[in-house]
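Heads up: the structure comes next, in structure tokens.
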Amino acid sequence: EDSRSSYCKPVRLAEKRRSATCQFADRVAQVSVDQFHRLPEEDRPEKTCVATIVVHHNGDLRVLSMGIGTKFVSESTLQEEVGSENYGLRVRDSHAEVLARRAFRRQLTVEILRDLRSQGMDKKSVLCRSSDSSPNSNIKYSLKPGVTLHMYTSSAPCGNATLKKFAKMTREKFIEMDVDEWPKPEHGPINGHAIREGQFALLVKKDPFAQVIQKEPEKDGANPTKKRKVWPANTSDDWTPPGTTIVQTGKGSLHSCSDKICLWNCLGMQGSLLASLFEKPLYLNTLTVGRKLTQCICRRAVCCRLSRLPEFPSKELEESYSINHPSIMGTAVYLDEGGVIEVDNENRGQDVRFHSSKCWAWWPSICDEEKDTTDNLCKFECIDGATGFLFTEVESNDSKPPISRLSTSSLVSCFLDAYRIACGKSELDKKPSLKLDDLLTLKKEISPKHESVKEQILTKHRILRQWKRRGEMKR
């Protein structure tokens, strides 16, 4: 009976057979999978999600950062950290896409720092000094001419990109193109016929153990004094993809990867602080997806649901910031060739089979930062996704757990080292306060234009104004 019952469990292919959009998509996926396989086999998770940021220049593709993981810190821990004196020591969200972007920002900062200290940019760097940089102005950077940015994710980003509703879906078709070309289709406007049912809704990663706080759902419209019907999508999360929930439930505060990529397509991949050292935001040219890709759904999730941005205070900002529409592509390159896996119908969700809390990150300068002679292609940082600190095999009584170089604290510290030189601000504290309020103040002082745009977007945009912001968690 036991052997017969085991065969009755539902199974699915680890990766369904699928078509690529073009040769370039498969090339992006292949260099990403190759880098994933450089993680030692004994450490390599069997079932996981992988994301990379890849640079394309003069026909060559190179992985600039990688994230491997599906975990995030519990809501109770997040709430404690927001009000503490030690904000930013943990990596709060260790989903692959988030780790890849954090590693990308780390790599850019290290390349800038090297240039400022040596008075010359490394030949392998993707950056160059802006032609506008002069001895009497702050040093600025941009991507080298011809360099483009491409993201790969082994599965559709969690959240709206996996909400297979509200659109007519079609199969991916291969397009015959040169190996260094990708399709650049127009992303037409989406008919918001089901906004009240959650078509464009923001979603957060669901913590099943979070203490639910009863909160009145947001009303229909920007004016809270008007009595209007509550949107059906804001009353329950029974329609959301597994592992996610609506913002209003109080069961999570970390936004889904679909939401985050959507915001990055407005503000750029470089983040707030680095925006002060770049001439303009750094946007993705393409997004290549492995499993669970549906073109129209993914376009909606990562850019097209925004429609347009609110008016900015100046024409300069309007010319710098816009809604970026990357080409969405599928790939026939498989991360997981492992046949079939059992499906746990009682515990549905993105992390059903991903039991280990180990998450991994990689960027090219990782060995140089440690002064390690190991091949830098094979050196990864291991993060405990459950705690947000570096993973350790043995529990320690040390009150100061090891901190990841991708934590907010480490990224800010590394950035300030570069900013002091680039802008001649030697008076900046070498060890800034780790209070959340002080970090938010620092961002406004260093990147006022970027923060102004972000404030407009997160308060005025009809979709993004639902964003769960760290500062609001204290109230």
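The values are calculated or read from the model by the stated rules, or taken from the named source; none is laboratory data. Since the structure is predicted, the reported quantities are computational estimates derived from the model, not experimental observations. Every residue, glycine as well, gets a Cβ built from its backbone with ideal geometry; the counts of neighbours run over all protein chains shown. Remember, those area values only see protein heavy atoms, side chains included, never the ligands or the DNA or RNA. Shrake-Rupley method; radii C 1.70, N 1.55, O 1.52, S 1.80 Å.
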Expected single match for under 22 Å from the mean Cα position of the chain (by Cα) and assigned to a loop (DSSP other than H, G, I, E, B) among Pro157, Pro145, Pro189, Pro183 is Pro157
Only unsatisfied item for Ser131, checking (1) of a type outside the set (A, V, I, L, M, F, W, C); (2) at pLDDT below 90; (3) touching a helix residue (DSSP H, G or I) at 6+ places or on another chain (Cβ under 6 Å), is (3)
Scanning region 282-301 residue by residue, those open to solvent by 10 Å² or more (accessible area, probe 1.4 Å) and touching a His at 6+ places or on another chain (Cβ under 8 Å) turn out to be Asn285, Arg299
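Which residues, taken from region 300-320, are of a type in the set (Lys, Arg) and either in contact with a helix residue (DSSP H, G or I) (Cβ under 9 Å, 6 or more places away or on another chain) or at pLDDT 95 or above (or both)?
Let us first name the residues in region 300-320 that are of a type in the set (Lys, Arg), namely 300, 305, 308, 315.
Scanning region 300-320 gives Arg300, Arg305.
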If we ask which residues in region 302-323 are of a type outside the set (Ser, Thr, Tyr), open to solvent by 20 Å² or more (accessible area, probe 1.4 Å), in contact (Cβ under 8 Å) with a residue 60 or more places away in the chain and under 20 Å from Glu186 (Cα atoms), their number turns out to be 1
With the first residue restricted to region 177-197 and required to be touching a residue at least 24 places away in the same chain (Cβ under 8 Å) and over 23 Å from Asn58 (Cα atoms), and the second required to be surrounded by 14 or more Cβ atoms within 10 Å (Cβ to Cβ) and small (Gly, Ala, Ser), Cβ contacts under 6 Å at 6 or more apart or on different chains are Glu197/Ala233
Within region 48-74, the count of residues that are of a type in the set (Lys, Arg) and more than 25 Å from Ala210 (Cβ to Cβ) comes to 1
Q | Qualifying residue in region 63-70 (condition: open to solvent by 10 Å² or more (accessible area, probe 1.4 Å), in a loop (DSSP other than H, G, I, E, B) and of a type outside the set (Val, Ile, Thr)) | A | no
Going by the structure shown, is Leu254 more than 17 Å from Lys71 (Cα to Cα) and in contact (Cβ under 8 Å) with a residue 12 or more places away in the chain?
no
Over region 226-262, the set of residues open to solvent by 20 Å² or more (accessible area, probe 1.4 Å) and among the hydrophobic types (A, V, I, L, M, F, W, C) is Val230, Trp231, Trp239
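Output the number of residues of region 20-48 satisfying the condition of being under 20 Å from Trp360 (Cα atoms), open to solvent by less than 60 Å² (accessible area, probe 1.4 Å) and not in a helix (DSSP H, G or I).
Number of matching residues: 6.
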